[in-house]
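Written below as structure tokens is the structure these notes are about.
Bear in mind these aren't lab numbers, they're just calculated from the coordinates by the rules spelled out. From a predicted model like this one, the values you see are computed outputs, not experimental measurements. Cβ placement follows ideal geometry from the backbone for every residue including glycine, while neighbour counts extend to all protein chains displayed.
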């Protein structure tokens, strides 16, 4: 497995987030720093610089009812976001992401003639499998809950006729832009999507949700013009091939429940906590 960003203690932050999530609110700063092999002061400074809040504060973002708090305080109405120009043209808020979809002919050929490079990378949310063509990233998934073999197969089987080759170095610049950034930094990441027209509409809607914010499956259904298709929207959200960058984790149930997440609810909860912590820190700093 390759190291994404040693200058920011990348492995330390990823391990710390998983330790905090597993241990719950009783874990002290001293205990956590000891597990990381660092002094409490050094660890707190490193964690706060990377995540945006202290380790103790981050524990609050991992609480089981935090999704309801997000829905009450950081919900995005997609129609309003669109009218305000908060996002558009396949561009995310917190990273410069552009995207294009396969043509219908390419879709029918299921990747025939395509070479897809793949590699495993560390992330704050566990091992990540990343896949990409010459035109952009086409797959990103997490293995912490489902295991490496299942995570790899889940993405690869979407392109059954493609040729796969292991080449992590070719993907590194895109992966570093996606994962290896402190709050507020940006990087260019092209996405190359395979999906049916309805799925593409849902994924485009997801890309209009700012980092640190959430919406509901019902709001997505209304935004794409299919207000009764909430269940179909949920299915399309779950079939998103590029987790994190197409932020399916930002879709919640109407009552504030987490809903589903293809790569495991603990991963979804960790990503939401991470983004909410950064967003709150940025708001405070303004």
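Counting beta carbons within 10 Å around each of 47, 142 and listing the fewest first gives the order 142, 47.
Among 106, 219, the order by Cβ neighbours within 10 angstrom, fewest to most, reads 106, 219. Taking all Cα-Cα distances within the range 69-285, those exceeding 22 Å account for 48%.
Most simply put, the range 69-285 has about 45% antiparallel DSSP beta bridges, counting only bridges with both residues inside it. Multiplying the residue separation of residue 56 and residue 135 by 0.36 nm and subtracting their alpha-carbon distance yields 24.3 nm. Counting beta carbons within 10 Å around each of 217, 107 and listing the fewest first gives the order 107, 217.
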